[in-house]
Amino acid sequence: MAATPSTMLPLGTKAPAFNLPNVLTGKVITLSTFEKNQLLLVMIISRHCPYVKHVKDELARIGFDYVPKNVGIVAISSNDASNYPDDSPENLKTMALELKFNFPVCYDESQEVAKAYHAACTPEFYLFDQDRKLVYRGQLDDSRPKNNSPVTGKDLRAALEALLSGKAISADQKPGIGCNIKWKPGNELDYFSK
């Protein structure tokens, strides 16, 4: 596994549009799916990545804790499923059911959404305010698969709590670390040249 840092999309960026199938229902999920939600959290995940496996229970807890607080949450996997079959829509569905995710999990087959978000690794987190401007991106917390630090979600949770209570979010945000996005042949060069 290659430890890859997140690219840290500039704060203030408007949420890039997406139009993706929910692997659980087949229903198409877009930004407008969340138009009634105060906030929007976009998570770039995968099933096979050890970094995501390490935090998967916390991802479920964040859903249970914040969906009831009017936070829209969507998880998106953009990995090349032909070379990484664990990340196929069917296997993503199995993961979502096992973890009892209460938010949609979508598959970005074209990888265009990963490019639009400048995603580099899994997991990555993007928190958008009511105007769908980026206010937090970076790590979930300091925990990594081999550093013995507990998985708490403290960095992302602090951003969520601040935003929900009308407080400023610190611009001092640490990049996440994870497995690199598994690009389809030709996509990686195209992506990094932009």
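No value in this document is a laboratory result; all are computed from the given coordinates. Bear in mind the structure is a predicted one, so any value in this text is a computation, not a measurement. All Cβ positions, glycine included, derive from the backbone under ideal geometry; neighbour counts span all protein chains shown.
Quick notes
- Residue (of 91, 171, 181) at the positive-pole extreme of region 63-194, dipole from beta-carbon charges: 171
- In the chain, the DSSP beta bridges split such that about 70 percent are antiparallel, to the nearest 5.
- Cβ-defined net charge surrounding residue 20, 15 Å radius [Lys, Arg +1; Asp, Glu -1]: -1
- Point-charge dipole on Cβ atoms (K/R +1, D/E -1) for region 3-192, about Cα centre, debye to 20: 320
- Computed extension gain for residue 32 through residue 129, at 0.36 nm per residue and net of the alpha carbon distance, reaches 33.5 nm.
- A full extension of the chain between residue 164 and residue 83 corresponds to an added length of 25.2 nm, given 0.36 nm per residue minus the alpha carbon distance.
- Estimated FRET transfer efficiency when R0 is 22 angstrom, pair residue 148-residue 99 (beta carbons, to 0.05): 0.45
- Rh by Kirkwood over Cα pairs, then Stokes-Einstein D for region 80-156 at 0.692 mPa s and 37 °C, µm²/s: 223
- By the Cβ distance rule of under 4.7 Å, the chain has these cysteines without a partner: 106, 121.
- The share of alpha-carbon pairs in region 114-194 lying farther apart than 20 Å comes to 43%.
- Converting phi to 3J(HN,Hα) with the Karplus coefficients 6.51, -1.76 and 1.60 and the offset θ = phi - 60°, region 19-24 yields 8, 10, x, 6, 5, 7 Hz in sequence order, with x at every glycine or proline.
- Pairs of C-alpha atoms in region 3-192 farther apart than 29 Å represent 13 percent of all such pairs.
- Taking 0.36 nm per residue of separation and subtracting the current Cα-Cα distance, fully stretching the chain between residue 11 and residue 24 would add 1.6 nm.
- Helical content of the chain, expressed as a calculated mean residue ellipticity at 222 nm, amounts to -7500 deg cm²/dmol (DSSP H runs of 4 or more residues, -39,500 (n - 2.57) each, divided by residue number, nearest 500).
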